[in-house]
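Participant: Please read through the structure below; I'll follow up with questions.
The values are calculated or read from the model by the stated rules, or taken from the named source; none is laboratory data. As the structure is a computational prediction, the values presented were derived from the model and not from experiment. A quick note on method: Cβ atoms are made from the backbone with ideal geometry, for glycine too, and the neighbour counts reach across all protein chains shown. Surface areas here come from the heavy atoms of the whole protein model, side chains and all, with no ligands, DNA or RNA. Shrake-Rupley method; radii C 1.70, N 1.55, O 1.52, S 1.80 Å.
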Amino acid sequence: MTVSTPRSSSQPKSRMFARYAAVGVASALALTLAACGGSGPAGTPAPENSIAAGQYPEYYPADYKELVAAAEKEGGALTVYSNTDQENWAPVFRDFKKKYPFIKDISANNLGSDEVFQRVLSENATGDSPADILVTNAAGAWADFAERGDVLTQYTSPELAEVPDFANLLPGVTAISADAMTVAYNTALMTEAPTGLDSLADQAKANPAQFQDKIGIRDIKGAFGFTIFHALTKNKPETWDSLATILPLSRPESSSATDKILAGEYVAGALVSAAPAFPVVKDSGGLFEIVLPKDGTVVLPRGLGIAAKAPHPATAKLFMDFTLSAEGQQAIQEGGLSSFRDGVKPVEYTYTYADIIKEVGQENIISVPYEKVSEAETAAFTERWNSLKK
(Lines give C-alpha, C1' and ligand atoms only; values in the text may rest on other atoms or scores of the structure.)
Protein backbone atom coordinates (compact mmCIF):
# COMPACT_ATOMS: atom_id res chain seq x y z
CA MET A 1 0.00 0.00 0.00
CA THR A 2 1.53 3.29 -1.04
CA VAL A 3 1.23 6.33 1.19
CA SER A 4 2.32 9.57 -0.42
CA THR A 5 3.94 12.36 1.53
CA PRO A 6 2.44 15.85 1.39
CA ARG A 7 3.65 18.13 -1.36
CA SER A 8 4.76 21.71 -1.21
CA SER A 9 2.67 24.65 -2.32
CA SER A 10 5.67 26.98 -2.41
CA GLN A 11 6.86 28.10 -5.85
CA PRO A 12 10.43 29.54 -5.89
CA LYS A 13 11.48 31.74 -8.82
CA SER A 14 14.15 30.82 -11.35
CA ARG A 15 16.02 31.94 -14.42
CA MET A 16 15.47 29.32 -17.10
CA PHE A 17 14.64 26.71 -14.45
CA ALA A 18 18.20 26.84 -13.06
CA ARG A 19 17.99 28.76 -9.81
CA TYR A 20 15.12 27.03 -8.06
CA ALA A 21 16.09 26.45 -4.47
CA ALA A 22 14.86 23.67 -2.25
CA VAL A 23 11.19 24.02 -1.40
CA GLY A 24 9.36 23.47 1.86
CA VAL A 25 6.65 20.91 2.37
CA ALA A 26 3.08 22.14 2.59
CA SER A 27 0.91 21.04 5.47
CA ALA A 28 -1.46 18.72 3.66
CA LEU A 29 -2.84 15.37 4.72
CA ALA A 30 -1.18 12.35 3.20
CA LEU A 31 -3.29 10.44 0.72
CA THR A 32 -3.40 6.64 0.83
CA LEU A 33 -3.92 5.05 -2.54
CA ALA A 34 -5.54 1.71 -3.22
CA ALA A 35 -2.73 0.44 -5.40
CA CYS A 36 0.22 -1.59 -4.16
CA GLY A 37 3.51 -0.29 -5.50
CA GLY A 38 4.08 2.96 -7.33
CA SER A 39 3.53 6.43 -5.99
CA GLY A 40 0.67 8.84 -6.04
CA PRO A 41 0.04 12.54 -5.54
CA ALA A 42 -0.81 14.09 -2.21
CA GLY A 43 -2.68 17.25 -1.47
CA THR A 44 -6.21 18.36 -0.82
CA PRO A 45 -9.30 18.79 -2.98
CA ALA A 46 -9.26 22.01 -4.96
CA PRO A 47 -9.46 25.01 -2.61
CA GLU A 48 -11.82 27.84 -3.38
CA ASN A 49 -10.20 30.32 -5.74
CA SER A 50 -11.30 33.76 -4.62
CA ILE A 51 -11.63 35.96 -7.68
CA ALA A 52 -11.47 39.73 -7.22
CA ALA A 53 -13.59 41.02 -10.10
CA GLY A 54 -12.73 44.59 -11.05
CA GLN A 55 -9.61 44.64 -8.87
CA TYR A 56 -6.03 44.55 -10.11
CA PRO A 57 -2.60 44.43 -8.45
CA GLU A 58 -0.76 47.66 -7.79
CA TYR A 59 1.92 46.75 -10.33
CA TYR A 60 -0.61 46.86 -13.19
CA PRO A 61 -0.46 50.03 -15.36
CA ALA A 62 -2.67 52.90 -14.31
CA ASP A 63 -4.65 52.71 -17.54
CA TYR A 64 -5.37 48.97 -17.32
CA LYS A 65 -9.08 49.62 -16.92
CA GLU A 66 -9.05 51.10 -20.42
CA LEU A 67 -7.95 47.68 -21.72
CA VAL A 68 -10.80 46.10 -19.76
CA ALA A 69 -13.25 48.58 -21.25
CA ALA A 70 -11.97 47.82 -24.76
CA ALA A 71 -12.43 44.12 -24.12
CA GLU A 72 -16.00 44.66 -22.94
CA LYS A 73 -16.76 46.41 -26.22
CA GLU A 74 -15.55 43.32 -28.14
CA GLY A 75 -18.69 41.43 -27.19
CA GLY A 76 -17.61 38.97 -24.51
CA ALA A 77 -16.25 36.21 -26.78
CA LEU A 78 -12.89 34.46 -27.02
CA THR A 79 -11.67 31.65 -29.28
CA VAL A 80 -8.78 29.42 -28.19
CA TYR A 81 -6.89 27.03 -30.46
CA SER A 82 -5.01 24.57 -28.27
CA ASN A 83 -3.86 21.01 -27.64
CA THR A 84 -5.16 21.24 -24.08
CA ASP A 85 -8.00 19.05 -22.81
CA GLN A 86 -11.34 20.56 -21.84
CA GLU A 87 -10.93 19.18 -18.32
CA ASN A 88 -7.73 21.20 -17.94
CA TRP A 89 -9.39 24.35 -19.25
CA ALA A 90 -12.64 24.12 -17.27
CA PRO A 91 -11.58 25.91 -14.04
CA VAL A 92 -9.51 28.45 -16.00
CA PHE A 93 -12.44 29.48 -18.18
CA ARG A 94 -14.78 29.42 -15.17
CA ASP A 95 -12.61 31.79 -13.15
CA PHE A 96 -11.77 34.04 -16.11
CA LYS A 97 -15.50 34.60 -16.52
CA LYS A 98 -15.75 35.38 -12.81
CA LYS A 99 -12.97 37.93 -13.17
CA TYR A 100 -14.68 39.48 -16.18
CA PRO A 101 -18.46 38.86 -15.98
CA PHE A 102 -18.96 40.32 -19.46
CA ILE A 103 -17.15 37.29 -20.92
CA LYS A 104 -19.95 34.92 -21.94
CA ASP A 105 -18.60 32.68 -24.70
CA ILE A 106 -15.21 30.95 -24.69
CA SER A 107 -14.71 28.47 -27.52
CA ALA A 108 -11.78 26.05 -27.29
CA ASN A 109 -10.99 23.15 -29.60
CA ASN A 110 -8.57 20.32 -28.93
CA LEU A 111 -6.06 20.03 -31.76
CA GLY A 112 -2.75 18.23 -32.19
CA SER A 113 0.37 19.90 -30.79
CA ASP A 114 1.47 21.39 -34.11
CA GLU A 115 -1.97 21.36 -35.74
CA VAL A 116 -2.68 24.57 -33.80
CA PHE A 117 -0.28 26.43 -36.08
CA GLN A 118 -1.25 24.62 -39.26
CA ARG A 119 -4.91 25.53 -38.72
CA VAL A 120 -4.36 29.23 -38.13
CA LEU A 121 -1.87 29.57 -41.00
CA SER A 122 -4.25 27.82 -43.37
CA GLU A 123 -7.16 30.01 -42.30
CA ASN A 124 -5.10 33.19 -42.60
CA ALA A 125 -4.06 32.18 -46.11
CA THR A 126 -7.66 31.81 -47.27
CA GLY A 127 -9.26 34.57 -45.22
CA ASP A 128 -9.45 35.43 -41.54
CA SER A 129 -8.93 33.00 -38.69
CA PRO A 130 -11.31 33.14 -35.72
CA ALA A 131 -8.43 32.29 -33.36
CA ASP A 132 -7.65 34.79 -30.60
CA ILE A 133 -5.37 32.65 -28.43
CA LEU A 134 -2.97 29.87 -29.42
CA VAL A 135 -1.87 27.37 -26.75
CA THR A 136 0.39 24.37 -27.29
CA ASN A 137 3.52 22.82 -25.80
CA ALA A 138 5.16 22.10 -29.18
CA ALA A 139 8.34 24.02 -28.34
CA GLY A 140 10.14 23.76 -31.68
CA ALA A 141 6.97 24.45 -33.64
CA TRP A 142 6.39 27.54 -31.51
CA ALA A 143 9.88 28.80 -32.31
CA ASP A 144 9.30 28.23 -36.02
CA PHE A 145 5.89 29.92 -35.90
CA ALA A 146 7.09 32.94 -33.93
CA GLU A 147 10.01 33.42 -36.32
CA ARG A 148 7.55 34.37 -39.07
CA GLY A 149 7.25 37.78 -37.43
CA ASP A 150 3.69 38.69 -38.45
CA VAL A 151 1.64 36.01 -36.73
CA LEU A 152 1.73 37.05 -33.06
CA THR A 153 0.72 40.15 -31.12
CA GLN A 154 3.72 41.53 -29.26
CA TYR A 155 2.17 42.16 -25.87
CA THR A 156 4.12 42.37 -22.61
CA SER A 157 2.01 41.25 -19.69
CA PRO A 158 2.41 43.17 -16.41
CA GLU A 159 2.45 39.75 -14.72
CA LEU A 160 5.77 38.75 -16.30
CA ALA A 161 7.69 40.63 -13.62
CA GLU A 162 5.99 38.49 -10.95
CA VAL A 163 6.68 35.00 -12.31
CA PRO A 164 9.85 32.99 -13.05
CA ASP A 165 11.87 34.28 -15.99
CA PHE A 166 11.28 31.11 -17.98
CA ALA A 167 7.60 32.07 -18.30
CA ASN A 168 8.70 34.53 -21.00
CA LEU A 169 9.30 31.79 -23.56
CA LEU A 170 9.61 33.84 -26.75
CA PRO A 171 8.66 37.37 -27.82
CA GLY A 172 4.87 37.29 -27.58
CA VAL A 173 4.76 33.77 -26.07
CA THR A 174 4.29 33.14 -22.35
CA ALA A 175 4.05 29.93 -20.34
CA ILE A 176 0.86 28.97 -18.55
CA SER A 177 2.28 25.83 -16.93
CA ALA A 178 5.40 23.67 -16.66
CA ASP A 179 4.26 20.08 -17.05
CA ALA A 180 6.22 16.92 -16.25
CA MET A 181 6.55 13.83 -18.43
CA THR A 182 6.03 10.60 -16.49
CA VAL A 183 6.25 6.84 -16.82
CA ALA A 184 2.70 5.47 -16.63
CA TYR A 185 1.99 1.82 -15.92
CA ASN A 186 -0.72 -0.74 -15.23
CA THR A 187 -0.24 -1.98 -11.66
CA ALA A 188 -1.85 -5.34 -12.43
CA LEU A 189 0.74 -6.03 -15.12
CA MET A 190 3.85 -4.61 -13.46
CA THR A 191 4.51 -6.14 -10.08
CA GLU A 192 7.41 -3.75 -9.47
CA ALA A 193 6.82 -0.03 -9.89
CA PRO A 194 9.27 1.58 -12.34
CA THR A 195 11.30 4.53 -11.17
CA GLY A 196 12.17 5.79 -14.63
CA LEU A 197 13.03 4.67 -18.13
CA ASP A 198 16.09 2.80 -16.88
CA SER A 199 14.10 0.59 -14.51
CA LEU A 200 11.39 0.10 -17.16
CA ALA A 201 14.11 -1.05 -19.53
CA ASP A 202 15.58 -3.38 -16.89
CA GLN A 203 12.21 -5.08 -16.37
CA ALA A 204 11.59 -5.33 -20.11
CA LYS A 205 15.03 -6.83 -20.67
CA ALA A 206 14.40 -9.42 -17.96
CA ASN A 207 11.05 -10.43 -19.47
CA PRO A 208 10.81 -9.24 -23.09
CA ALA A 209 7.82 -11.45 -23.93
CA GLN A 210 5.71 -9.68 -21.31
CA PHE A 211 6.54 -6.27 -22.83
CA GLN A 212 6.56 -7.08 -26.56
CA ASP A 213 4.38 -4.48 -28.32
CA LYS A 214 3.08 -3.46 -24.90
CA ILE A 215 4.92 -0.20 -24.29
CA GLY A 216 3.27 2.93 -25.62
CA ILE A 217 5.67 5.66 -26.69
CA ARG A 218 4.98 9.03 -28.27
CA ASP A 219 5.64 9.06 -32.02
CA ILE A 220 8.60 11.33 -32.80
CA LYS A 221 7.04 12.17 -36.18
CA GLY A 222 4.87 14.58 -34.20
CA ALA A 223 6.23 17.77 -32.68
CA PHE A 224 5.40 16.73 -29.12
CA GLY A 225 7.10 13.33 -29.27
CA PHE A 226 10.18 14.69 -30.98
CA THR A 227 10.48 17.57 -28.52
CA ILE A 228 10.38 15.54 -25.31
CA PHE A 229 12.63 12.69 -26.43
CA HIS A 230 15.12 14.96 -28.16
CA ALA A 231 15.40 17.04 -24.98
CA LEU A 232 15.78 13.91 -22.85
CA THR A 233 18.52 12.29 -24.92
CA LYS A 234 20.38 15.56 -25.46
CA ASN A 235 20.58 16.23 -21.73
CA LYS A 236 20.89 12.61 -20.61
CA PRO A 237 22.72 10.74 -23.42
CA GLU A 238 22.79 7.58 -21.31
CA THR A 239 19.03 7.33 -21.90
CA TRP A 240 19.82 5.91 -25.33
CA ASP A 241 20.84 2.69 -23.55
CA SER A 242 17.35 2.36 -22.05
CA LEU A 243 15.72 3.25 -25.37
CA ALA A 244 17.72 0.49 -27.06
CA THR A 245 15.68 -1.97 -24.99
CA ILE A 246 12.36 -0.10 -24.94
CA LEU A 247 11.95 0.92 -28.58
CA PRO A 248 11.91 -2.58 -30.16
CA LEU A 249 9.14 -3.52 -27.71
CA SER A 250 7.09 -0.35 -28.18
CA ARG A 251 4.36 0.99 -30.44
CA PRO A 252 4.23 4.64 -31.51
CA GLU A 253 1.28 6.71 -30.34
CA SER A 254 -0.06 10.10 -31.38
CA SER A 255 -1.55 10.68 -27.92
CA SER A 256 -0.88 9.79 -24.29
CA ALA A 257 -2.65 6.40 -24.74
CA THR A 258 -3.69 6.35 -21.09
CA ASP A 259 -6.82 4.41 -22.03
CA LYS A 260 -4.71 1.61 -23.51
CA ILE A 261 -2.56 1.38 -20.40
CA LEU A 262 -5.62 1.31 -18.17
CA ALA A 263 -7.23 -1.41 -20.31
CA GLY A 264 -4.09 -3.54 -20.22
CA GLU A 265 -3.34 -3.23 -23.92
CA TYR A 266 -0.09 -1.65 -22.78
CA VAL A 267 1.91 -2.54 -19.70
CA ALA A 268 3.41 0.93 -19.57
CA GLY A 269 3.74 4.25 -21.38
CA ALA A 270 7.03 6.11 -21.75
CA LEU A 271 6.95 9.87 -21.15
CA VAL A 272 3.25 10.44 -20.66
CA SER A 273 2.34 14.00 -19.68
CA ALA A 274 1.09 14.23 -16.10
CA ALA A 275 -1.76 16.53 -17.17
CA PRO A 276 -3.92 13.92 -18.96
CA ALA A 277 -2.63 11.10 -16.74
CA PHE A 278 -3.73 12.38 -13.34
CA PRO A 279 -7.49 12.11 -13.99
CA VAL A 280 -6.92 8.48 -14.98
CA VAL A 281 -4.95 7.85 -11.78
CA LYS A 282 -7.78 9.36 -9.77
CA ASP A 283 -10.51 7.25 -11.36
CA SER A 284 -8.64 3.97 -11.83
CA GLY A 285 -8.97 2.56 -8.33
CA GLY A 286 -5.21 2.03 -8.19
CA LEU A 287 -4.96 0.18 -11.51
CA PHE A 288 -3.18 3.04 -13.29
CA GLU A 289 -0.21 4.88 -11.77
CA ILE A 290 2.45 7.36 -12.85
CA VAL A 291 5.96 8.13 -11.61
CA LEU A 292 8.34 10.99 -12.22
CA PRO A 293 11.47 9.45 -13.77
CA LYS A 294 14.35 9.65 -11.30
CA ASP A 295 16.80 9.27 -14.19
CA GLY A 296 15.58 12.45 -15.90
CA THR A 297 12.21 14.20 -15.78
CA VAL A 298 11.39 16.26 -18.84
CA VAL A 299 9.48 19.43 -17.96
CA LEU A 300 7.73 21.04 -20.89
CA PRO A 301 6.27 24.55 -20.60
CA ARG A 302 2.89 25.08 -22.25
CA GLY A 303 3.07 28.21 -24.39
CA LEU A 304 0.39 30.83 -25.02
CA GLY A 305 0.39 33.52 -27.67
CA ILE A 306 -2.11 36.04 -29.04
CA ALA A 307 -2.82 35.76 -32.76
CA ALA A 308 -1.79 38.86 -34.70
CA LYS A 309 -5.22 38.97 -36.35
CA ALA A 310 -7.17 38.11 -33.21
CA PRO A 311 -10.82 39.20 -33.58
CA HIS A 312 -10.87 40.02 -29.84
CA PRO A 313 -7.37 41.40 -29.13
CA ALA A 314 -8.16 43.21 -25.87
CA THR A 315 -9.95 40.19 -24.44
CA ALA A 316 -7.00 38.01 -25.47
CA LYS A 317 -4.60 40.28 -23.56
CA LEU A 318 -6.77 40.00 -20.47
CA PHE A 319 -6.63 36.23 -20.84
CA MET A 320 -2.84 36.15 -21.13
CA ASP A 321 -2.56 38.30 -18.01
CA PHE A 322 -5.02 36.08 -16.16
CA THR A 323 -3.14 32.85 -16.89
CA LEU A 324 0.02 34.35 -15.36
CA SER A 325 -1.75 35.91 -12.37
CA ALA A 326 -2.08 34.37 -8.91
CA GLU A 327 -5.78 33.75 -9.58
CA GLY A 328 -5.13 32.21 -12.98
CA GLN A 329 -2.28 30.00 -11.80
CA GLN A 330 -4.50 28.59 -9.05
CA ALA A 331 -7.16 27.76 -11.65
CA ILE A 332 -4.51 26.18 -13.87
CA GLN A 333 -3.40 23.99 -10.96
CA GLU A 334 -6.99 22.96 -10.30
CA GLY A 335 -7.28 21.95 -13.95
CA GLY A 336 -4.40 19.50 -13.57
CA LEU A 337 -1.59 21.45 -15.20
CA SER A 338 1.53 22.36 -13.22
CA SER A 339 1.62 25.96 -12.06
CA PHE A 340 4.90 27.71 -11.35
CA ARG A 341 3.87 30.77 -9.36
CA ASP A 342 4.47 31.46 -5.65
CA GLY A 343 1.58 30.83 -3.31
CA VAL A 344 -0.43 28.30 -5.31
CA LYS A 345 -2.41 26.09 -2.93
CA PRO A 346 -2.01 22.31 -3.26
CA VAL A 347 -4.65 20.42 -5.22
CA GLU A 348 -5.19 16.68 -4.98
CA TYR A 349 -3.87 14.64 -7.92
CA THR A 350 -1.67 17.40 -9.32
CA TYR A 351 1.98 18.45 -9.30
CA THR A 352 3.19 22.03 -9.02
CA TYR A 353 6.57 22.76 -10.55
CA ALA A 354 8.01 22.94 -7.04
CA ASP A 355 6.60 19.47 -6.35
CA ILE A 356 8.43 18.10 -9.37
CA ILE A 357 11.74 19.55 -8.21
CA LYS A 358 11.21 18.21 -4.71
CA GLU A 359 10.39 14.74 -6.04
CA VAL A 360 13.33 14.20 -8.40
CA GLY A 361 15.85 16.93 -7.56
CA GLN A 362 16.88 19.94 -9.58
CA GLU A 363 19.74 18.00 -11.16
CA ASN A 364 17.25 15.60 -12.77
CA ILE A 365 15.00 18.30 -14.25
CA ILE A 366 15.30 18.58 -18.03
CA SER A 367 13.75 21.85 -19.12
CA VAL A 368 12.75 22.14 -22.76
CA PRO A 369 13.79 25.43 -24.41
CA TYR A 370 11.55 27.05 -27.00
CA GLU A 371 14.00 26.97 -29.86
CA LYS A 372 14.38 25.39 -33.27
CA VAL A 373 16.44 22.25 -33.73
CA SER A 374 18.69 22.25 -36.77
CA GLU A 375 17.93 19.97 -39.69
CA ALA A 376 21.20 18.13 -39.15
CA GLU A 377 20.48 17.51 -35.47
CA THR A 378 16.93 16.44 -36.26
CA ALA A 379 18.15 14.01 -38.91
CA ALA A 380 20.81 12.53 -36.60
CA PHE A 381 18.31 12.04 -33.78
CA THR A 382 15.69 10.51 -36.07
CA GLU A 383 18.19 8.14 -37.68
CA ARG A 384 19.42 6.88 -34.32
CA TRP A 385 15.85 6.48 -33.02
CA ASN A 386 14.73 4.53 -36.06
CA SER A 387 17.79 2.29 -35.99
CA LEU A 388 16.84 1.15 -32.48
CA LYS A 389 13.28 0.28 -33.43
CA LYS A 390 14.37 -2.42 -35.88
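Participant: Starting at the first residue of region 210-218, write each ³J(HN,Hα) from the Karplus equation 6.51 cos²θ - 1.76 cosθ + 1.60 with θ = phi - 60°, in whole Hz, x for Gly and Pro.
Facilitator: Computed from phi, the couplings for region 210-218 are 5, 9, 4, 6, 10, 10, x, 9, 5 Hz.
Participant: Once you've got the GNM for the chain with C-alpha springs shorter than 10 Å, pick whichever of 254, 325, 374 has the biggest mean-square fluctuation.
Facilitator: Result: 374 has the largest fluctuation of those listed.
Participant: Determine the shape class of region 94-242: with a ≥ b ≥ c the square roots of the Cα gyration tensor eigenvalues, call it rounded for a/c under 1.5, and otherwise prolate if a/b is greater than b/c, oblate otherwise. Don't skip to the end; give the middle numbers.
Facilitator: Working: a/c = 2.13, a/b = 2.00, b/c = 1.06.
Taking the square roots of the gyration eigenvalues as a ≥ b ≥ c, region 94-242 is prolate.
Participant: Right, here's the next one. Please list, in order along region 153-166, the HN-Hα scalar couplings obtained from phi with the Karplus expression 6.51 cos²θ - 1.76 cosθ + 1.60 (θ = phi - 60°), rounded to whole Hz, x for Gly and Pro.
Facilitator: Once rounded to whole Hz, the list reads 7, 8, 10, 9, 6, x, 7, 4, 6, 10, 10, x, 4, 5.
Participant: Out of residues 5 or more away from residue 187 or on other chains, whose amide H comes under 5 Å of its own, with H placed 1.01 Å from N in the peptide plane?
Facilitator: 288, 289
Participant: Which distance in nm do the two modelled labels at residue 210 and residue 55 give, with both placed 7 Å along the Cα-to-Cβ direction?
Facilitator: In this crude label model, residue 210 to residue 55 measures out at 5.6 nm.
Participant: For region 257-327, state which GluC sites (Glu not before Pro) are in a DSSP loop and have at most 15 other beta carbons lying within 10 Å of their beta carbon.
Facilitator: Loop-located and lightly packed - 265.
Participant: Which lysines, on any chain, are close to residue 236 with Cα under 29 Å apart, when same-chain ones fewer than 8 places away are left out?
Facilitator: 13, 205, 214, 221, 260, 294, 358, 372, 389, 390
Participant: With a probe of 1.4 Å, find how much accessible area the chain has per residue, and write the answer as a whole number in Å².
Facilitator: Values: 15540 Å² over 390 residues.
About 40 Å² of surface per residue is accessible.
Participant: Where a ≥ b ≥ c are the square roots of the eigenvalues of the C-alpha gyration tensor, would you call region 124-206 rounded, which needs a/c under 1.5, or, failing that, prolate if a/b is larger than b/c, or oblate? Let's see the in-between values first.
Facilitator: Details: a/c = 3.38, a/b = 2.21, b/c = 1.53.
Prolate, since a/c reaches 1.5 and a/b exceeds b/c.
Participant: Enumerate the amide H contacts of residue 110 below 5 Å, restricted to partners 5 or more residues apart or on another chain; note that Pro and chain-start residues carry no placed amide H.
Facilitator: Result for residue 110 returns nothing.
Participant: For region 116-127, take each phi angle, set θ = phi - 60°, evaluate the Karplus expression 6.51 cos²θ - 1.76 cosθ + 1.60, and give the result in whole Hz per residue in order, putting x for glycine and proline.
Facilitator: 3, 6, 4, 5, 5, 5, 5, 5, 5, 6, 10, x
Participant: Determine the shape class of region 292-390: with a ≥ b ≥ c the square roots of the Cα gyration tensor eigenvalues, call it rounded for a/c under 1.5, and otherwise prolate if a/b is greater than b/c, oblate otherwise.
Facilitator: Oblate, because a/c is 1.5 or more while a/b does not exceed b/c.
Participant: Of the listed values (1) 65, 49, 37; (2) 168, 72, 44; (3) 61, 60, 53, grab the one calculated as Cα extents along the principal axes in Å from the structure here.
Facilitator: (1)
Participant: Non-local amide H neighbours of residue 253 (under 5 Å, H modeled in plane, Pro and chain starts lacking H): which ones?
Facilitator: Amide H neighbours of residue 253: 217, 218, 219.
Participant: Looking at the chain only, what percent of DSSP beta bridges run antiparallel? Nearest 5 please.
Facilitator: Just about 55 percent of them are antiparallel.
Participant: Between region 46-93 and region 322-372, what is the C-alpha centre distance in whole Å?
Facilitator: If you average the Cα positions of each part, the centres end up 19 Å apart.
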